[in-house]
1. Of everything in segment A:147-159, what is open to solvent by 20 Å² or more (accessible area, probe 1.4 Å) and assigned to a helix (DSSP H, G or I)? Give them in sequence order.
2. Select from segment A:49-59 the residues that are under 18 Å from A:S27 (Cβ atoms) and out of contact with any Ser or Thr (no Cβ under 8 Å at 6 or more places or on another chain) and write down the one among them that is least open to solvent (accessible area, probe 1.4 Å).
3. Can you pull out every residue in segment B:75-90 that is open to solvent by less than 20 Å² (accessible area, probe 1.4 Å) and not polar (S, T, N, Q)?
4. Just the residues that are hydroxyl-bearing (S, T, Y) and away from ligand 3 (no atom under 11 Å from the Cβ), please, taken from segment B:103-139.
5. Only one of these is aliphatic (A, V, I, L, M) and at pLDDT below 95: B:A104, B:A146. Name it.
6. How many residues does segment B:205-222 contain that are of a type in the set (V, I, T) and in a strand (DSSP E or B)?
7. Would you point out the residue of segment A:22-34, among those that are open to solvent by 40 Å² or more (accessible area, probe 1.4 Å) and closer than 30 Å to B:R106 by Cβ, that is farthest from ligand 4 (Cβ to nearest atom)?
8. Which of (1) in a loop (DSSP other than H, G, I, E, B); (2) in contact (Cβ under 8 Å) with a residue 24 or more places away in the chain; (3) open to solvent by 60 Å² or more (accessible area, probe 1.4 Å); (4) more than 30 Å from A:A104 (Cβ to Cβ) does B:Q144 not meet, given it meets every other one?
Number of protein chains: 2
Amino acid sequence: MKKHLTRATKDYLKAIYALSVNGLSASTNDLAKRLNIAAASVTGMIKRLAQTNPPLVDYRKHHGVTLTPTGEQAALEIIRHHRLLETYLHDSLGFSWDEVHEEAERLEHVISEKFEARIDKVLGHPTHDPHGDPIPDLNLVMPQKASTRLSTLRPPQEAIIERVNDEDGNLLRYLQEKSLVPGSKLKIRAHSPFDGNLTLEINGEEIILGPAVTHHIFIKEA
Amino acid sequence: MKKHLTRATKDYLKAIYALSVNGLSASTNDLAKRLNIAAASVTGMIKRLAQTNPPLVDYRKHHGVTLTPTGEQAALEIIRHHRLLETYLHDSLGFSWDEVHEEAERLEHVISEKFEARIDKVLGHPTHDPHGDPIPDLNLVMPQKASTRLSTLRPPQEAIIERVNDEDGNLLRYLQEKSLVPGSKLKIRAHSPFDGNLTLEINGEEIILGPAVTHHIFIKEA
DNA sequence: ATACACTTTTAGCCTAACCTAAATTTTATT
DNA sequence: AATAAAATTTAGGTTAGGCTAAAAGTGTAT
Ligand SMILES: [Mn+2]
Ligand SMILES: [Mn+2]
Ligand SMILES: [Mn+2]
Ligand SMILES: [Mn+2]
């Protein structure tokens, strides 16, 4: 019964997936903000997603949506496309890591399974995109995702950057300049209680980062 | 005044360009057939293309459309994308020449100028796609296109294949099997008057081809 | 010059996805 | 428990781009 998912549909599924990582349902307002669409429009679309056959989402009026297994599969398929594309654009075509997101956002909807398979092979079946986000495998199993924010660390903890938020190009350019990229090792030297600034050592240098930065860096403790 | 051309708009412009190679205007019916859209819908769309600012087409009721300079630029931009993509998919990603058209048809609408520039560079600024079609250059100047059909040759003419029609995957697979690809040299040995069959020599072998094949192969005389 | 076939346009409808404004429901605060 | 604020849904509208059926225009063959 599943025909062809439109671009708008896929964007909604991806957004719902992203907002449901916590296991909770995604709210109309949060979806509206993330998709840059009026809340009323989101309600309308959600209702249609819930009425497809098979349904793509479960919807309880006034209580948000969650993905059905069908919807989640579709979301994972698109996320796989997105992250493989980002990796390909970065590693094979020389895009910088702040440019890949926007391009992948458009390409993810139109590439064939053949294209996906080709770049997956060329890249050697990568497991993470340039920002450290995990790439769902061929069976659409999503590896665990780093969820500890750098902002939660306190001296004298040490950590390795695992991934960074890829949605803000300006932030990405800043992070690259400071070598705040996946794989980098850092040691927490100090924490300022009121502004939340962290002083940390990276590559032998000391830098101070505010919460607007550390909130978007995810680490694993070293 | 022009913001962003929709996918449908770009498809129309490309089709009008293709149907106007002869210098004549494109008819409603021919566009409908090529785009797989009802003739009435084509009339509706054409009217809108003629009313954009600046106009993309010139339209005279009952007498077809032609591209304005603005429309032609837009068409050439898409054709450049299409042919660069076909070349990239073929040369760099290992797609066979009968698979590239369909994939490029979807990708051509979403790649950025950055993506275009990157693959153009990786490919070494190619001038022809895998089927021998010329690629408009960076200034959107379209090289001359081979227009002599193999079907018009008679013994004992000799020729080199310059390009083949890329719209039918089955034909392309057949042609490849017979080495009827751009660059191949052939000698006309015989012509059958009623069925139009041509007997020709290629790579030292003799083959007989009907008009359904020879009509879609374009050559330059050797 | 007329008649008929073919092409094209008009008229009226439809769907997907958006929008704003108004109504309603939920939730948070007293 | 009442009310105010915030979130959500409903109602009504728009635009792009399709569709079919019917009307009208064009060109050809007698
Ligand atoms: Mn896929
Ligand atoms: Mn990413
Ligand atoms: Mn371009
Ligand atoms: Mn081609």
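1. Residues of segment A:147-159 open to solvent by 20 Å² or more (accessible area, probe 1.4 Å): A:147-149, A:151-152, A:154-158.
Within segment A:147-159, A:S151, A:T152 meet the criteria.
2. Among those residues, the one meeting the criterion is A:A50.
3. To start, the set of residues in segment B:75-90 that are open to solvent by less than 20 Å² (accessible area, probe 1.4 Å) comprises B:75-76, B:78-82, B:84-89.
Of everything in segment B:75-90, those that are open to solvent by less than 20 Å² (accessible area, probe 1.4 Å) and not polar (S, T, N, Q) turn out to be B:A75, B:L76, B:I78, B:I79, B:R80, B:H81, B:H82, B:L84, B:L85, B:E86, B:Y88, B:L89.
4. The answer is B:T127, and nothing else.
5. Working: B:A104 fails: at pLDDT below 95.
B:A146 is the lone residue from the list that is aliphatic (A, V, I, L, M) and at pLDDT below 95.
6. Result for segment B:205-222: 4.
7. Only one residue fits best here, namely A:K33.
8. (2)
The values are calculated or read from the model by the stated rules, or taken from the named source; none is laboratory data. Just so it is clear, the model here is predicted, and its values are computed rather than measured. Methodologically, a virtual Cβ is constructed for each residue, glycine included, from the backbone with ideal geometry; neighbour enumeration extends over all protein chains shown. When the accessible area is computed, the model is the full protein with side chains, heavy atoms only, and any ligands, DNA or RNA have been set aside. Shrake-Rupley method; radii C 1.70, N 1.55, O 1.52, S 1.80 Å.
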